Amino acid sequence: RRRPPRRVRAHTPRSATIHRSVHASHGETMAPATTFAQSARNEISLFAALVIVFGVVAARDQEQELYELVSRLFWRTASARPPVLIIAILVGWAGVVRCAELAGLRLSRCIGEGVSPPKVICRAALGLLDIVLLCRLAPFVAREVFGTEHFGRWCLLADLVAYACCGFYLVAPPSGVFLSPEHAYDAERCAAHVRYDHAAVLQTACSRASLFKTLVESLCAPFAPVTFWHVIVADYATSMAKAMGDMHVTTCVAWRGFASPVSTMDVDVHGVFWEETRGACVTSELNAYALALPFWCRLFQCLAVLRRTGEAKNFWNACKYATAFPLVYAGY
């Protein structure tokens, strides 16, 4: 008697299972929720609306020139520069990833899985730019339209909100900081989020987790592994040394400004507020430590590689980063 043929169970790839689980967890069908063009169009529309608001504020403020107002919004004070610099770095990194794709290079082989596509990185940068611009314009609109007082304090408060948004986006869930399971932000799941155009915070979960872990390990350079990705992150940090000093000055000014009585200074003028409150913040030793921290991490990365490989080039590379400390010391 002939046996009936066995039924062969089709093998379902893990990536397809992840795609279905991603949509099942959001109560969605397999059809894309939105297209990337629609999401980008919404963020660009918000950016255009903020630019129009900025134009209206500039037209109402007859006492200052346009260049003066733009400088106060983006780079005049220490609290304004770091978030804008972070956005510029994201755009630059998107360019690096795009150039690698055009050259046929696979960055995942040297820096690990989870490298976000350039369009996803640019979308995240545009979202952060909208948030930062909104925080910058809020005090100006409140003063011009509603006539609010204590303009300097409101500007500083809005800058702190922009700082908090940039920091929260780095560790936003799903991430290990919020105790999310590892499979919630692995590379394949993020690739599924990219394929179906989900929220940018979901598409970049894997790369954000990798960046945060690398930042923490770079601070422990003598005792942590040093890979090519660690070197890239630390080199980017050395380029942000001035931003580290600005972050310290902002924290110091916030502490001194909000702790002091309002009546002791003219806080309706933004420049006067900064001049009156920063005091010894700029010349503080803590500011020098903040400037030197990225070079310190990079120095010990070079020494760690030198101890492991014994190559002379790592010694000379360490000497290069050590030259930053005499400059910082001479400045303070």
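Here are the numbers for the structure shown:
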read-out	value
Qualifying trypsin sites (Lys or Arg not before Pro) in the range 74-119, DSSP loop, other Cβ atoms within 10 Å at most 11	ARG106
Cross-link reach list, lysines versus LYS320, counting only Cα pairs under 23 Å and skipping chain neighbours closer than eight places	LYS242
Over the range 275-332, relative contact order from alpha-carbon pairs under 8 Å, at least 6 apart, %	41
Label point distance in nm, TRP255-PHE223, each placed 7 Å from Cα along Cα→Cβ	2.5
VAL96-LEU327 pseudo-label distance in nm [points 7 Å out on the Cα-to-Cβ vector]	2.0
Label point distance in nm, ALA280-SER45, each placed 7 Å from Cα along Cα→Cβ	5.3
Computed FRET value (nearest 0.05) for VAL171 with ALA312, which takes r as the C-beta separation and R₀ as 51 Å	0.85
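Computed from the coordinates by the stated procedures, all read-outs in this text should not be read as laboratory data. Treat the numbers as computed from the prediction; the structure is a model and nothing was measured. When we count neighbours, we look across all protein chains shown, and the Cβ atoms used for this are built from the backbone with ideal geometry, even at glycine.
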